[in-house]
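K.L.:
This structure is in structure tokens; I'll ask about it shortly.
The values are calculated or read from the model by the stated rules, or taken from the named source; none is laboratory data. This structure is a prediction, so every number in the text was calculated from the model and none was measured. Using ideal geometry, Cβ is built from the backbone for each residue, glycine included, and neighbour counts are taken over all protein chains shown.
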Amino acid sequence: MQELSTELLEKSILGTMMQENHLILDSDIRAEMFLSHTNRAIFQGMKQLANANKPVDYITLLTEVDLGEAGANDLTTLASFANLEKFEDYTELFMNGWRERQKISLLYEAQAENWTIDQIQTRLDQLLTNTATIETSIDDDLIAISERPFYPEDTSNIIPVNIKGLAKLITGFRQGEVTIIAGRPSMGKTDVMNYFALCAGLNGYLPIIFSLEMNRRMLLDRLIALKGNISRLKMRNPYKYFSQKQKDEWMNVLSDIKKANIHIDDRAGLTVSQMRAQIRKVMKKYPEKKPIIFIDYLQIIACEEYRQNQYLNIAYISSQLKVMAKDFECPIVCLAQLNRAVESRHNKRPVMSDLRDSGNIEQDADVIIFLFRESYYEQWQSEQANQPKPEYESLEFIVAKNRNGPTGIAYAKYYKTTGRIVEKVGEEAEV
């Protein structure tokens, strides 16, 4: 039964690699890890073609690689086992099975040759780390940075935030880093996400949004309102409520948003593994663009494994987001909810302990930004006093954690009816 399940795992991995050729060289899998000799031969053929920068498919494997009769027969069925969405899960199971077989073999060898405890421990440590090898010497790194003080810093890997006050604190979104943007419901989190996504897209980056709460149409309406400076109330029925000028500008607004090349996945209940699969797919389509990932929002990401409580689930998901940011070498900007404790305090500006089901968020995140509007709490009083609503509200970006820089507060103008965010002081920088 064990050999049967291993065979199915191997077939699924090989079938997925035939569909997504980049996985052949990206993964840490080696030919000797396959239990089936036929599957081992197929993988060796795949790697041979991939290293030669040739396409890997049914035809090329049959014509350019000698797989033998058994390998040729198995090729015809591999496509039916492919599952890109679960590739990482299956790969982990495959690697665990290989390690277990290696461990058993190692212990038999240790018994036969009467190894010491230290020898056994050393070999077990090697087994855990030999699935991926890297160069650990820092000599080349020192040479690479030797001229750093004499030339301007390369900022191509930092995605701009387009808010000067915030840029002074965090510079921008950095590759491999996780930024948490947290606030109470209706504080403006989604509008801030849209603003940053649009800015990134129009600056030539690849924004990928996972909208776990809001559907694609609603999010798109918000993007249009933001870019076109259109009241969201009018977006409910543009034919009825748009002015003639807004109708005339409609196609220009859509064209501008198209230039941003934003991708939206609005499936509910996504896991981090499912997000990884989708990110790979989009990145493969635009290999020349650097991605930035947006997630709305942390507490409703589905957990792959059941845990005792939500706190442990969030801790696991938080660590997975950090791993994903490092693996893809891209920034991840994830929205998060704050708990209700902030409402009971006189000073309602958020602090770290207000993060809902915080888990390891404080530890894993590189940057934590709280959103705060004083008017959010003054709205009821102004409505009771029949005071006119202001044109814009003051929005605070409270940088509470910054692993690579200072903390502090940046200010912006927030136009709630359209979702626009502009500089609080000086020239208004629009997207």
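K.L.:
Any idea which of 105, 12, 36 is crowded, with 17+ Cβ neighbours inside 10 Å and over 28 Å from the mean Cα position of the chain (by Cα)?
P.N.:
36
K.L.:
Follow-up question, since we're still on this one. Does any residue in the stretch 58-79 that is more than 19 Å from residue 31 (Cα to Cα) come within less than 8 Å, Cβ to Cβ, of a residue that is not small (Gly, Ala, Ser) six or more places away or on a different chain, and which pairs are these?
P.N.:
Pairs that qualify, where the first residue is more than 19 Å from residue 31 (Cα to Cα) and the partner is not small (Gly, Ala, Ser), are 76/58; 77/11; 79/18; 79/19; 79/58.
K.L.:
Restricting attention to the stretch 191-210, which residues are among the polar types (S, T, N, Q) and crowded, with 22+ Cβ neighbours inside 10 Å?
P.N.:
Once the filter is applied, which keeps residues that are among the polar types (S, T, N, Q) and crowded, with 22+ Cβ neighbours inside 10 Å, the stretch 191-210 yields only 194.
K.L.:
Additional query: Does residue 95 fit the bill of being out of contact with any Pro (no Cβ under 9 Å at 6 or more places or on another chain), at pLDDT 90 or above and assigned to a helix (DSSP H, G or I)?
P.N.:
So residue 95 does not fit the description; no.
K.L.:
Given the residues 316, 286, which is the only one that is among the hydroxyl-bearing types (Ser, Thr, Tyr) and either in contact with a strand residue (DSSP E or B) (Cβ under 9 Å, 6 or more places away or on another chain) or under 24 Å from residue 419 (Cα atoms) (or both)?
P.N.:
286
K.L.:
Can you find a residue in the stretch 266-282 that is assigned to a helix (DSSP H, G or I), touching a residue at least 24 places away in the same chain (Cβ under 8 Å) and touching a Pro at 6+ places or on another chain (Cβ under 8 Å)?
P.N.:
Yes: the stretch 266-282 contains one or more residues that are assigned to a helix (DSSP H, G or I), touching a residue at least 24 places away in the same chain (Cβ under 8 Å) and touching a Pro at 6+ places or on another chain (Cβ under 8 Å).
K.L.:
Same structure, new question: Name the residues in the stretch 377-396 that are at pLDDT below 75 and among the aromatic types (Phe, Trp, Tyr), would you? I'd like the intermediate steps shown before the answer.
P.N.:
Step one: filter the stretch 377-396 for residues at pLDDT below 75, giving 378-390.
Correct list: 380 only.
K.L.:
Continuing with the same structure: Taking into account only those residues within the stretch 319-339 that are touching a residue at least 60 places away in the same chain (Cβ under 8 Å) and part of a helix (DSSP H, G or I), which is surrounded by the fewest Cβ atoms within 10 Å (Cβ to Cβ)?
P.N.:
Residues of the stretch 319-339 touching a residue at least 60 places away in the same chain (Cβ under 8 Å): 321-322, 325-326, 329-338.
Restricting the remaining residues to those that are part of a helix (DSSP H, G or I) gives 321-322, 325-326.
On the way: 321: 23, 322: 19, 325: 23, 326: 14.
Checked the stretch 319-339; the qualifying residue surrounded by the fewest Cβ atoms within 10 Å (Cβ to Cβ) is 326.
K.L.:
Criterion first (modelled with pLDDT of 80 or more, among the basic types (Lys, Arg) and farther than 21 Å from residue 336 by Cα) does residue 424 satisfy it? Quick ask: steps written out before the conclusion?
P.N.:
Working: modelled with pLDDT of 80 or more: no; among the basic types (Lys, Arg): yes; farther than 21 Å from residue 336 by Cα: yes.
No; evaluated as a whole, the condition is false for this residue.
K.L.:
Report, by residue number, each residue of the stretch 152-187 that is hydroxyl-bearing (Ser, Thr, Tyr) and at pLDDT 80 or above.
P.N.:
171, 179, 186
Conditions (1) over 30 Å from residue 420 (Cα atoms); (2) in a loop (DSSP other than H, G, I, E, B), marked per residue:
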{"residue": "137", "(1), (2)": "yes, yes"}
{"residue": "143", "(1), (2)": "yes, no"}
{"residue": "152", "(1), (2)": "yes, yes"}
{"residue": "156", "(1), (2)": "no, yes"}
{"residue": "179", "(1), (2)": "no, no"}
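K.L.:
Do we have residue 215 as out of contact with any Asp or Glu (no Cβ under 8 Å at 6 or more places or on another chain) and of a type in the set (S, T, N, Q) here?
P.N.:
In short, no.
K.L.:
Of the conditions (1) without any contact (Cβ under 8 Å) to a residue 40 or more places away in the chain; (2) within 14 Å of the chain's Cα centre (by Cα), residue 217 satisfies every one except a single condition; which number is it?
P.N.:
(2)
K.L.:
Condition first: at pLDDT 90 or above, part of a helix (DSSP H, G or I), assigned by TED's automatic domain parsing to the domain that holds residue 290 and touching a Leu at 6+ places or on another chain (Cβ under 7 Å). Can you find one or more residues in the stretch 227-247 that meet it?
P.N.:
Yes, there is a match, as at least one residue in the stretch 227-247 is at pLDDT 90 or above, part of a helix (DSSP H, G or I), assigned by TED's automatic domain parsing to the domain that holds residue 290 and touching a Leu at 6+ places or on another chain (Cβ under 7 Å).
K.L.:
Quick one: residue 193 ticks every box in (1) closer than 22 Å to residue 323 by Cβ; (2) not basic (Lys, Arg); (3) not in a helix (DSSP H, G or I) except a single one, so which number is it?
P.N.:
It fails just one condition, (3).
K.L.:
Just checking, does the stretch 295-312 include any residue being charged (D, E, K, R) and on the phi > 0 side of the Ramachandran plot?
P.N.:
Scanning the stretch 295-312 turns up no residue that is charged (D, E, K, R) and on the phi > 0 side of the Ramachandran plot.
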